[in-house]
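Report on one structure; see the data block that follows.
Where a number appears in this text, it was derived from the coordinates with a stated rule and is not lab data. On a predicted model such as this, the values are computed, not experimentally measured, just so you know. Methodologically, a virtual Cβ is constructed for each residue, glycine included, from the backbone with ideal geometry; neighbour enumeration extends over all protein chains shown.
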Amino acid sequence: MQQVVQEIKNLSIGFTSQKGEQISILKNISTIINKGETVGIVGESGSGKSTLALAMMGYVKHGLYTISGECIYQSNDILKMKNRELENIRGRKIAMIPQNAGQSLTPNLKIGYQIDEALRLHTNFQKEDRDVKISELLNKVRLPSPETIAKRYPHELSGGQQQRVAVAMALAGSPDLLLLDEPTTGLDVTTQAHVLELLNFIAKDTGTSMVYVSHDLGAIAQVSDRVIVMYSGEIVLDGPVRTILKNPIHPYTYGLLKSIPKLTLSGLPNSMSGSQPQPGTIKEGCSFYDRCEFAEDKCKIKSPELEFVNEFNTSVRCFNHKELHKKKDKDKKSSKNVLRKLTKNEILDISSVSISYAKQKFIEQLLNKIDDTNPTVKDINIKIDKGETLALVGESGSGKSTILKSIAGLIKAKDGIIKFDKNKILSSDLKKREANYLRAIQLIFQNPDESLNPNHTVEEIVSQPLKLYFGLSGNELKQKIIEVLKKVRLGEFYLTRYPRQLSGGEKQRVAVARAFAAKPDIILCDEVTSALDVSVQAAVLNLLQELKEDFGTTYIFVSHDLAVVKAISDRVAVLYQGRLCEIGPSESVYKFPSHPYTEVLLGAVLEPDPDIKPKLVAEDIVEEKPPEKGCSFQGRCPRLLGQICKTDVPPWQIDENGNAIRCHIKINDLKNQQISN
Amino acid sequence: MTLVIKKEKPKSTFSKIVEIISTMASRPSGLIGLIILVFHVSLAITSPLYAPHDYKAIDPSLMLQAPSSEYWFGTDSLGRDVFTRTILGGRTALTVTFFGSLIALLWGGALGIFCGLVGGKIDDVVMRIIDAFLSIPWILAMLLIVSLLGTSTIVLIPALGFFYGKGIVRVARAATHDVIAKDFIVSARARGHGNFSIIWNEILPNVRDAIMVEGAMRWSWMLLGFSSLSFLGFGVSPPTPDWGLMISNARGLMSFAYWAVLAPIFGLSSLIIGINLTADAFAKALGIDRSTKAPV
């Protein structure tokens, strides 16, 4: 019999709406966290996963209250405890690691002091012992030279280091249970893989139980033993990680897994229709009914109970899980192949573009000159063909968004020329560009909450480019808006809506509609899916692909998500510190990531499969500035040759597949080394 | 699969106003504020119709009479009816300050948005000038203007409007800064919209509420400022009834004829409280938290 750390019994948490109705955020949650177990809680935004994690600490957000049920820790209900009693548990017995460590660390206190404070509160160590313990903790989370780190302020550390400090603080009280709320969401892929590996190690080393809350099935797959899938405030699936991810017996999980782009699949993932219902809108029946492919009439009337299936050792909330299991085997092909029609017809030619963020001195301003020998982005040469999707990938700080902004004319390039349609040189100053060329290049942004004016209706939003570029008005304008909305699968009734009345996916569709209303030749997509939920992301990707097939638009697609890039792009350009490392057809880049950085990057991608472990090749150091001389990747390269990498900029090499890399090592040698590894 | 579509009609401007007012009135403080404000405004409009006495009739025989059934609030040192003068006394103040705050709102809002949008050197220079103006005691500057140009309404309205608009510049600029970094502005820029179009279509709808609430707040401060001017003898010229002037005239006799001071004080302070409560309720109805949003 395993030792139970925490037991949640029939927990419901909710709020009272303005109309006086009681609305549940969590509905009858019952589960057990065993000692030494890592439980992953997955769900899309609004599924109640964070509320559940906070309840496990005895915390209920302001405005919410416990409707029923209890959360038992050491035979006490922590939801009924007084603050005094909770103080003895929080941090000491149950600790939490928040999503954004940078924001949860006090900015004007040194790291050492903050950990010392945690130790002072949660342990009985004396001052001398605490100093030793601080070094010990920092060592445990694998921070280099703990003494120096302890003397630093939070802002002097990188995101990954801050997250490690947060882990160290949480471990200070040697808790029984560690709650992690999306601990790696804001981190770069390589850093994320390292932090997850660390968490795995700590779980094994200390025997602490962990509850890992995330929307990212890839991260969950790496750390958890057991997975709980939440939908609309209910547990819909609860079982061992392999069963859940490889053989999901709930239609939601099944659809969710199918909608995740994976490195092992080619083409676009299938999308799920609709979105998660708002709390309180589902009065009876299964909350997944509207989106379920397997739904029957009884699902609408009666809500299924959580049922334990012995065969899979899993609890599932579905009437039809057996049928799903049978049906699934027939439905093997889970992705659509992308139609690739490439014409050799150059539309954009970026040649030796460099961009600098350095502040201009007054005289330089007058002379309109920038004097910076080590600019943020340097020497970018890319030719883009009509109808092509080119992806720019790289970690944060790689300059991918900067290049996009420079193409749009939002940032002035220091050097270099951007040519449109073979002969038209685009001015780097937006104000000097002619309307027709402004129209030809449109942007779609990462977060539709920011890119749509909250005080404009959908009609006003979509009308902007139509009025500006085509001078439409009156009925003609309205007809055109409806037409454009139809193209992004939004009906006429959306015209009068405000962005706040739309779901995330709908908002992004409006943003796509606005870009397409201009009839552009090139669309610049800046992380367009990273603010969206997984099931919605697939739908937006599919929409973009369909629109491209209809209009022959060229996309320049910026993303940090390599699986998404693989699904949608024809060609990939890998950037590190504002310098191109590798560029080539996506198929061959993903098959043989020749450049050492591409290899590191692809190795760190997390697949939603517990059996595929990320390869951690390089250190996850964050470099502040690109090196002055030599190869841009010299600081982290696992295949560093020696002095030559530090002094000479590597030459371009092209292999037989059209894959070009910048490295001193021969391209075929790199491939051979990878195979022999 | 069925899509549940919420029927939500676009609201007309009128129904929006009705909604805002009913939200304001749903809180006791907002309701009290609105009642006081409406009472004062209607009093100012209609009082000449039913003022019981002539506000400028001087009668030495009636000097400093205590409140009676004939003279409800008593009489002042020149034998004029205090009640008549009190109900008429808010007219000039309300008119001058209303148009004054309108001017403050317009120029302050426009300059603030402009500075927030262009940023850089121009913004720096303009804001330092504003800071410099803020450091001058406004009443001294007002006295200077009034003594140079006279105390007519034509002078007072723009002068007050100018001095009270400085604070609005800051609020408008701060509100614009909140909006300016958002991607929808970048998007409009990338499309090639001009500065004017960006201000009008993208920024103004998002900062309008903050500016309007600040304007309402400035109104009550300006009212106090205007009454102070009258109190010092630089506002409304006698014999026109005005609260500030009335307080000034009667304050020496406060110890034995308190009524002559009390009535205008009550009029002035109730109006200021009314405007303050209304402005706060207005801010809450629009969803702006004044305690965190107003920088001045």
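General observations
- Per DSSP, loop trypsin sites (Lys or Arg not before Pro) in the stretch B:18-115 with at most 11 further Cβ within 10 Å: none
- The label point for A:Lys424 and the one for A:Thr496, both projected 7 Å from the Cα toward the Cβ, are 3.9 nm apart.
- Projecting label points 7 angstrom from Cα along Cα→Cβ for A:Ala435 and B:Phe266 puts them 6.5 nm apart.
- Under the shape rule built on the C-alpha gyration tensor, where the axes satisfy a ≥ b ≥ c, the stretch A:236-337 is oblate, since a/c reaches at least 1.5 while a/b does not exceed b/c.
- Proximal aspartates and glutamates to B:Lys284, defined as alpha-carbon separation beneath 12 angstrom and excluding residues fewer than eight positions away on the same chain: B:Asp209
- Long-range HN-HN contacts of A:Gly578 with modeled amide H, under 5 Å: A:Gly399
- Too-long pairs where the Cα-Cα distance tops 32 Å, listed order kept, from A:Lys258/A:Lys419; A:Lys419/A:Lys625; A:Lys140/A:Lys613: A:Lys258/A:Lys419
- For A:Glu346, the residues whose amide H sits under 5 Å from its own are A:Lys386, ignoring neighbours fewer than 5 places away on the same chain, with H placed 1.01 Å from N.
- Summing charges over all other residues whose Cβ lies under 12 Å from the Cβ of A:Val488, with Lys and Arg as +1 and Asp and Glu as -1, gives +2.
- Fully extended contour minus Cα-Cα distance, from A:Glu323 to A:Ser174, at 0.36 nm per residue: 49.1 nm
- When the pairs A:Lys386/A:Lys467; A:Lys400/A:Lys671; A:Lys298/A:Lys548; A:Lys204/A:Lys322; A:Lys405/A:Lys566 are compared against a 29 Å limit on Cα-Cα distance, A:Lys298/A:Lys548; A:Lys204/A:Lys322 fall above it.
- Percentage relative contact order, the stretch A:545-677, counting C-alpha pairs under 8 Å, at least six apart: 21 percent
- Mean per-residue shielding of peptide A:491-501 is 2, counting Cβ atoms of other chains within 10 Å of each Cβ.
- Distance distribution note for the protein assembly as shown: the fraction of Cα pairs above 37 angstrom is 60%.
- Label point at B:Asp178 placed 7 Å out along Cα→Cβ; residues across the stretch A:432-466 whose backbone nitrogen lies under 17 Å: A:449-456
- Adding -39500 (n - 2.57) for every DSSP H run of four residues or longer, then dividing by how many residues the protein assembly as shown holds, sets the calculated 222 nm ellipticity at -14000 deg cm²/dmol.
- With at most 14 neighbouring Cβ atoms within 10 Å, loop chymotrypsin sites (Phe, Trp or Tyr not before Pro) (DSSP) excluded, longest segment of chain B: B:1-255
- By the combined test of axial Cα extent (at least 15 Å) and Kyte-Doolittle hydropathy (mean at least 0.0), the qualifying DSSP H helices of chain B come to B:13-25, B:28-50, B:82-118, B:120-135, B:138-149, B:153-180, B:204-231, B:259-286.
- Altogether, the Stokes-Einstein calculation at 25 °C and 0.890 mPa s, with the Kirkwood radius of the stretch B:146-290 over Cα pairs as Rh, returns a diffusion coefficient of 136 µm²/s.
- Whole-number percent relative contact order across chain B, with pairs defined as alpha carbons under 8 Å at least 6 apart: 27 percent
- Longest DSSP-loop-exposure-free segment, GluC sites (Glu not before Pro), chain B, at most 15 other Cβ within 10 Å: B:71-296
- Distance between modelled label sites at B:Tyr258 and A:Phe551, nm, 7 Å Cα→Cβ extension: 7.7 nm
- Rounded FRET efficiency, nearest 0.05, which uses the C-beta distance separating A:Ile644 from B:Asn195 and R0 of 60 Å: 0.75
- Dipole check for the protein assembly as shown: with +1 at the C-beta of Lys and Arg, -1 at the C-beta of Asp and Glu, and the Cα centre as origin, the magnitude is about 1160 Debye.
- The chymotrypsin sites (Phe, Trp or Tyr not before Pro) found in the stretch A:282-312 include none that occupy coil by DSSP while having at most 13 further C-beta atoms within 10 Å.
- Rg and Dmax of the stretch A:1-66, Cα atoms only, in Å: 13.4, 47
- Per-selection Kirkwood Rh - the stretch B:25-293 (Cα, Å, 1 d.p.): 20.4 Å
- Packing-based order for A:406-413, B:117-124, using average beta carbon neighbours within 10 Å, highest first: A:406-413, B:117-124
- Taking N as its residue count, the alpha carbon Rg of the stretch A:579-677 over 2.2 N^0.38 Å: 1.09
- For the listed residue pairs A:Lys412/B:Lys121; A:Lys383/A:Lys431; A:Lys246/A:Lys486; A:Lys27/A:Lys80; A:Lys378/A:Lys424, the alpha carbons are over 26 angstrom apart in A:Lys246/A:Lys486.
- Gap separating the Cα centres of the stretch A:93-148 and the stretch A:598-677, nearest whole Å: 34 Å
- Peptide B:177-188 shows a mean partner chain C-beta count of 6 within 10 Å per residue C-beta.
- Average Cα contact separation per residue, chain A, under 8 Å, 6 or more apart, as relative contact order %: 13 percent
- Taking 0.36 nm per residue of sequence separation and removing the Cα-Cα distance, the A:Glu628/A:Leu616 pair yields an extension gain of 1.7 nm.
- Axial C-alpha extent at least 24 Å, average Kyte-Doolittle at least -0.5 - helices from chain A (DSSP): A:189-206, A:534-551
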